[in-house]
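The values are calculated or read from the model by the stated rules, or taken from the named source; none is laboratory data. All values derive from a computational prediction rather than experimental measurement. Cβ atoms come from the backbone with ideal geometry, glycine included; neighbour counts cover every protein chain shown.
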Amino acid sequence: MTTRFHPLWNRFWKMIPALLLLGVMTGCAPVPAQARVGLDSFAPLVKKVLPAVVNIAVTETVSRDSAIQLPPELRGTPFEREFRNRFGNRREQVSGAGSGFVIDPSGIIVTNHHVVGHADQILVLFSDGSQLPARVLGFDELTDIAVIQVKAAGRLPAVSWGDSKRMEVGDWILAAGNPFGLGGSVTAGIISARGREIGAGPFDDFLQLDAPINPGNSGGPTFNMDGDVVGVNTAIVTPTGASVGIGFAIPSEIASHIVAELREKGRIDRGWLGVSVQDVAAASGRPAGVAIAAVERTGPAARGGLRAGDLVYAVNGDRIDSSRGLIRTVAAVTPGQAVRLSVVRQGREMEITVTVGRRPTEQAG
């Protein structure tokens, strides 16, 4: 494959003598060495963390039924059944790859759900060239976190969780993984933004990174400069299929708790009300809150007396002013516990107590 360099690159090098001359003519002094911003090398950090970063290869059996389209001219003819029998039941093996990292020397590995969630076979490749089969301990689709396990002969190199709450926009980070099948790759950059919502789900709260991450980096770690994991790489924005400098990682403050619960129970139990909701802005005599658009007839909210048209503005005394805030607050409640909802109904304020249920898959509120 021929590599093409952007014309501005060549133009930049041609400009260097002129830029140096301009500096002399204007009397600019060289920048003192102590004023330099940055690091001499990431090599010590890379040597410390890379042995715990793994490549993950998966195989999955898929049906080709959806890809086989019955030609219109055969529809309703005696040949339709023969066509479906011959072409409609084919299954094939597809392969995929991603990244992960060891968080327990006994063989516990973190990755993305979209890497291993539908795999028939999982093979983990380590930096020393060894390979081990893995099994899924648990996964959470809503945060795209999965935990897998291998059985190793000895203790594996492992990394620890860092505190993503302490990371600030502009802080250095190092991303590692298996982009395009190139295992053991590292890239450096900074935190570009915090708290990004990208439409992935109701629990979006991503770190935005400018360190290049590409297909195959999914499930790999983002490290702080102490070598602790502050994010799990999960998505990129790209018009080309490759990095354009906008990537997203699940913060460790979220991922670490999800991983701990998956290791313990193999699933995530979230609270659920059984309602459809929409945001409502503050108005004269009415606080901002969340309007209940519909209530599931047999859901927890209906049993607790919540009605369509109610405006929820607080949960257990804490103000709520967005649908996302209500969903996240209720999701954090252990199913079976009661919550106190502050509600405006037909202009009258009241308190309603609801015993939270267990959130089914793909439910809203």
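Structure above, values below:
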| read-out | value |
| --- | --- |
| Members of the range 123-144 that are of a type in the set (Phe, Trp, Tyr) and assigned to a strand (DSSP E or B) | 139 |
| Among (1) assigned to a strand (DSSP E or B); (2) in contact (Cβ under 8 Å) with a residue 24 or more places away in the chain; (3) surrounded by fewer than 18 Cβ atoms within 10 Å (Cβ to Cβ) - the single one residue 190 does not satisfy | (2) |
| Residue match in the range 157-169 (condition: free of Cβ contacts under 8 Å to residues at least 40 places away in the same chain, small (Gly, Ala, Ser), within 26 Å of residue 212 (Cβ to Cβ) and surrounded by fewer than 20 Cβ atoms within 10 Å (Cβ to Cβ)) | no |
| Count - residues of the range 239-263 that are free of Cβ contacts under 8 Å to residues at least 40 places away in the same chain and either under 16 Å from residue 197 (Cα atoms) or outside the structural domain of residue 218 (by TED's automatic domain parsing) (or both) | 0 |
| Enumeration of residues in the range 132-169 that are modelled with pLDDT of 95 or more and polar (S, T, N, Q) | 149, 160, 164 |
| Scope the range 305-331; condition of a type in the set (Gly, Ala, Ser) and in contact with a Leu (Cβ under 8 Å, 6 or more places away or on another chain); matching residues | 314 |
| Qualifying residue in the range 281-293 (condition: of a type outside the set (A, V, I, L, M), crowded, with 20+ Cβ neighbours inside 10 Å, outside the structural domain of residue 199 (by TED's automatic domain parsing) and in contact with a Leu (Cβ under 8 Å, 6 or more places away or on another chain)) | yes |
| Single unsatisfied condition, residue 195 versus (1) in contact (Cβ under 8 Å) with a residue 12 or more places away in the chain; (2) not in a loop (DSSP other than H, G, I, E, B) | (1) |
| Residue tally, condition surrounded by 15 or more Cβ atoms within 10 Å (Cβ to Cβ) and in a loop (DSSP other than H, G, I, E, B), over the range 308-321 | 3 |
| Residue within the range 289-303 that is more than 30 Å from the chain's Cα centre (by Cα), in a loop (DSSP other than H, G, I, E, B) and over 16 Å from residue 339 (Cβ atoms) present | yes |
